[in-house]
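Have a look at the structure below, then the notes.
The values are calculated or read from the model by the stated rules, or taken from the named source; none is laboratory data. Not measured: the values here are computed from a predicted model. Reconstructed Cβ throughout: ideal geometry from the backbone, glycine too, with neighbour counts over all protein chains shown.
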């Protein structure tokens, strides 16, 4: 078609040039006014023909692109035109239109597939534009929110004001745990966010997962482990008391009847006194155990103020170094930023750090060149972290999940509440206490403040 079009245009242009030359000859060479007038009229007709021919081609092409722009693929291009060029142009445009229709159909089918796939996902999926208009919200999300229709983020105000304020604030590739109330009650969700570009618009995609079941299972598991530890400790204290009480009772009874005062001797009295002292010791131990539990559940509310991480760690190191006389353990403090500040209760956080350093010292007992490193930093999310790292024997994978359980301990003299108390203090600060350990290499406890 390209060559035919060019030949057609060139032939018309050559004819126009020839007629123009003839006009010049008729008017200025031979003085033939009638011939010149006829040739001039013929030239006008030729020019009109060329413009009309070009306009027909341009109209067809413009018509096609306007239809594509408006996503109208129902247009038809007749192939029975008399003009060969227009007929060929129509054929090519019809082929291109057919290909675009096929692509559009495939895209539509793919979109339908992904929509159906998203609808079957149990996790809530939400996408919205930079103005808050919802592009897609699947059934799981609407059910979680208790909304039949969801078209704009402002509708979240009807569900929970806290949720409406926090949802748009989740950063790109960020993750957040949020609690809100719907028609069924309190819901805990984990939300992940990401952004992408679609037709020059910035879109946000959220996945919203209900974690109530997981939290309930985790809470139940924590309670079961706590009950096992409590049962173990109480039985260890009560069983000897019961056995000893029965033995003492047998000293003063015979065949179910009390013995007479004359049968009581000094040895029986001494044995009874000693037995009562043991019962008293066991009772005091049980009272201490209960007091430890009360301490765990009755922590004071944090009185937060701005404190220097550097000063906090230096004080902790100074306190522990005074107890390391003759010990081969070193305590190092590293602060990358002298101005690193933290909004927290200094007394409570100091209690956590002292407990962690104490545990590290005990883990390094008898080890040559033991090192404890205290450091502070800001992570990539701008959250303050304090690290307590030691190069001790580490924690075995079997015990890593047990060490935060109240009253769990691997030391005979330990109470088992230090780490659980420390984690509780961190939770009261809105933070967390985590541990990473490589057996026979190192252990690192991380205090993270949100």
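Inspect segment 320-340 for any residue being surrounded by fewer than 20 Cβ atoms within 10 Å (Cβ to Cβ), out of contact with any strand residue (DSSP E or B) (no Cβ under 9 Å at 6 or more places or on another chain) and under 20 Å from residue 433 (Cβ atoms) and give the result as yes or no. No, segment 320-340 contains no residue that is surrounded by fewer than 20 Cβ atoms within 10 Å (Cβ to Cβ), out of contact with any strand residue (DSSP E or B) (no Cβ under 9 Å at 6 or more places or on another chain) and under 20 Å from residue 433 (Cβ atoms). Do we have residue 247 as modelled with pLDDT of 75 or more, assigned to a helix (DSSP H, G or I) and either touching a helix residue (DSSP H, G or I) at 6+ places or on another chain (Cβ under 9 Å) or within 13 Å of residue 279 (Cα to Cα) (or both) here? Yes: the conditions hold for residue 247. For segment 411-420, the criterion of a residue being surrounded by 15 or more Cβ atoms within 10 Å (Cβ to Cβ) and modelled with pLDDT of 85 or more is satisfied by no position. The criterion of at least 3 residues that are at pLDDT 80 or above is met by the following helices (runs of 4 or more DSSP H) wholly inside segment 97-182: 139-145, 156-159. The set of residues in segment 435-446 being out of contact with any helix residue (DSSP H, G or I) (no Cβ under 6 Å at 6 or more places or on another chain) and under 21 Å from residue 355 (Cβ atoms) consists of 435, 436, 437, 442, 443, 444, 446. Annotation: of all residues in segment 126-147 being closer than 15 Å to residue 195 by Cβ and touching a residue at least 40 places away in the same chain (Cβ under 8 Å), the one that is surrounded by the fewest Cβ atoms within 10 Å (Cβ to Cβ) is 130. Starting from residues that are assigned to a loop (DSSP other than H, G, I, E, B) and within 20 Å of residue 377 (Cβ to Cβ), keep the ones in segment 421-445 and report whichever is farthest from the chain's Cα centre (by Cα). Here the residue is 429.
Quick check on my filter: what residues within segment 354-367 are touching a strand residue (DSSP E or B) at 6+ places or on another chain (Cβ under 9 Å) and either in contact (Cβ under 8 Å) with a residue 60 or more places away in the chain or not in a helix (DSSP H, G or I) (or both)?
356, 359, 360, 363, 364
Criterion first (assigned to a helix (DSSP H, G or I), at pLDDT below 70 and either at positive phi or not assigned by TED's automatic domain parsing to the domain that holds residue 188 (or both)) does residue 73 satisfy it?
no
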